Amino acid sequence: MNGFDALYSKAEERIRILSELPSTKNKTIEKLLEEKGVQRRDFMKWAASITAMLALPSQFTPLFADVAKLADRLPLIWLHMAECTGCSESLIRSDAPTVDSLIFEHISLEYHETLMAAAGWQAEEILDGAMHKYKGKYILLVEGGVPTAMDGQYLTLGPQAKTGLSVVTEAAKDAAAIFSIGTCSSFGGIQAAAPNPTGAKGVDKVVKQPVINVPGCPPSAKNIVGTLMHFLLFGTLPALDRYSRPKWAYGNRIHDLCERRGHFDAGEFVESFGDEGAKAGWCLYKQGCKGPYTFNNCSIERFNQHTHWPVGAGHGCMGCSEPDFWDTMGPLEQPLDSHLVMGLNSTVDKVGTTLVTATVIGIGAHAVASLFMNKKEG
Ligand code: FSX
Ligand code: SF4
Ligand code: F3S
């Protein structure tokens with residue numbers, strides 16, 4: 001398997017350890033799938049798709065199938081901070097159950113405010129109980145930015161009016177791993193847009209422990225479940241990029257995997273929504289597509305049961321998986337100001353005259369993205 005042998009053995013060992021832990025469900029995943037009309041063949045296809053998405057050899061497919069069955073051994077606490085719950089919706093809302101949503105149902109979800117029946121004191125007790133019972137073993141998923149101004153008083157939770165800031169820092173202390181689900185918990189999100197009155201921040205800015213960011217407003221179900229499956233099977237963190245995003249999901253630029261890219265290179269742009277170019281599926285750059293500056297796998301993994309994605313549906317990418325996109329990528333339906341992108345707009349106007357120009361744009365877009373990110377870092 002060319003260097004994957006050690007990883008394979010590690011995964012087998014992990015499956016052995018997980019299988020010795022007690023099940024938290026009274027129903028196996030096989031039973032759940034059967035009840036929802038999902039065939040074993042579809043389940044194996046799902047395992048193969050996770051394997052491919054994580055860029056692993058096909059020999060890992062049966063291991064992902066096995067570990068998914070053991071997902072009920074993984075205690076999971078999901079906290080909501082300042083957000084719209086679109087991240088949870090991305091995972092659980094579909095007109096028919098997907099294998100991703102069923103796996104999530106099978107996971108030992110100890111606490112999730114919008115899914116559980118409990119409220120008030122009872123909910124608070126469940127959270128405290130889960131943190132105590134599974135100390136050092138639970139996965140903490142956080143959705144939403146953390147307001148930090150006025151000691152976090154802009155967001156309070158439960159009957160004791162604890163601040164979100166105190167709840168998340170407390171829960172982080174004894175977590176086995178922490179995942180920020182969505183752009184809000186990864187980078188602050190819309191709450192953190194200037195002038196950010198609540199002092200909203202990403203989780204990694206308020207806790208001391210390492211955090212994996214799974215941004216997107218919202219992220220796709222595949223990126224959420226893939227991140228969980230990776231941790232479940234290997235018990236370690238995946239390779240991360242400069243913004244702590246898993247490289248397997250955020251390693252490629254939207255622009256480089258876009259089905260409209262040929263039109264960009266040919267200088268064929270939608271000039272206004274609904275025009276002939278729009279009907280023909282031409283490039284949305286002039287309608288404000290931020291695909292050249294955004295890293296995500298949306299065109300491959302897609303949303304809504306993997307049927308579609310923003311650019312496929314006819315709107316430009318808004319850069320929703322990048323830090324501070326509300327401030328830096330706007331206006332959302334116009335190209336970035338030319339002073340920000342080193343003349344890319346004027347270069348785009350010249351595209352189509354020669355293919356050589358198109359190549360220059362390809363390089364230009366790359367330079368722009370680098371410049372853009374350096375600007376953010378500075
Ligand atoms: Fe944020 Fe998630 Fe955007 Fe909403 O809650 S990433 S506002 S889709 O849902 O956190
Ligand atoms: Fe696709 Fe947007 Fe790039 Fe055009 S600018 S090719 S629509 S990602
Ligand atoms: Fe977001 Fe752009 Fe994908 S807007 S969902 S990163 S296409």
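The values are calculated or read from the model by the stated rules, or taken from the named source; none is laboratory data. No experiment lies behind these values; they were computed from the predicted model shown. Positions of Cβ are generated from backbone atoms using ideal geometry, with glycine treated the same way; all protein chains shown enter the neighbour counts. When the accessible area is computed, the model is the full protein with side chains, heavy atoms only, and any ligands, DNA or RNA have been set aside. Shrake-Rupley method; radii C 1.70, N 1.55, O 1.52, S 1.80 Å.
Looking only at the range 194-217, residues that are within 22 Å of Tyr154 (Cβ to Cβ), part of a loop (DSSP other than H, G, I, E, B) and within 11 Å of ligand 1 (Cβ to nearest atom) come to 3 in all. When the range 40-92 is filtered for residues that are of a type in the set (Asp, Glu) and more than 16 Å from ligand 1 (Cβ to nearest atom), the ones remaining, listed by number, are Asp42, Asp66, Asp72. With respect to being closer than 23 Å to Ala11 by Cα and touching a residue at least 24 places away in the same chain (Cβ under 8 Å), Lys222 fits the description. Can you name the residue in the range 312-339 that is among the polar types (S, T, N, Q) and within 16 Å of ligand 1 (Cβ to nearest atom) and, of all such residues, is most open to solvent (accessible area, probe 1.4 Å)? Looking at the filtered set, the residue picked out is Thr328. In this structure, Ala221 does satisfy being open to solvent by 10 Å² or more (accessible area, probe 1.4 Å) and either in the same structural domain as Glu12 (by TED's automatic domain parsing) or within 16 Å of ligand 1 (Cβ to nearest atom) (or both). Quick check: is even one residue across the range 293-315 modelled with pLDDT of 95 or more, of a type in the set (S, T, N, Q) and more than 9 Å from ligand 2 (Cβ to nearest atom)? There is at least one residue in the range 293-315 that is modelled with pLDDT of 95 or more, of a type in the set (S, T, N, Q) and more than 9 Å from ligand 2 (Cβ to nearest atom). Which ones in the range 82-105 are of a type in the set (A, V, I, L, M), modelled with pLDDT of 85 or more and open to solvent by 10 Å² or more (accessible area, probe 1.4 Å)? Hits for the range 82-105 are Ala82, Val99. Cβ contacts < 6 Å: first residue over 21 Å from Leu228 (Cβ atoms) and open to solvent by less than 20 Å² (accessible area, probe 1.4 Å), restricted to the range 180-198; second residue among the basic types (Lys, Arg) and away from ligand 2 (no atom under 16 Å from the Cβ), any location; separation 6+ or different chain. Result? Pairs that qualify, where the first residue is over 21 Å from Leu228 (Cβ atoms) and open to solvent by less than 20 Å² (accessible area, probe 1.4 Å) and the partner is among the basic types (Lys, Arg) and away from ligand 2 (no atom under 16 Å from the Cβ), are Gly188/Lys201. Here Ala68 does not fit the description of being in a helix (DSSP H, G or I), out of contact with any strand residue (DSSP E or B) (no Cβ under 8 Å at 6 or more places or on another chain) and open to solvent by 30 Å² or more (accessible area, probe 1.4 Å). Would you say Leu284 is farther than 27 Å from Leu56 by Cβ, within 16 Å of ligand 1 (Cβ to nearest atom) and either crowded, with 17+ Cβ neighbours inside 10 Å or among the charged types (D, E, K, R) (or both)? So Leu284 does not fit the description; no. From (1) within 10 Å of ligand 3 (Cβ to nearest atom); (2) within 29 Å of Trp78 (Cα to Cα); (3) surrounded by fewer than 17 Cβ atoms within 10 Å (Cβ to Cβ), pick out the condition that doesn't hold for Asn304. Of the numbered conditions (1) within 10 Å of ligand 3 (Cβ to nearest atom); (2) within 29 Å of Trp78 (Cα to Cα); (3) surrounded by fewer than 17 Cβ atoms within 10 Å (Cβ to Cβ), the odd one out for Asn304 is (1).
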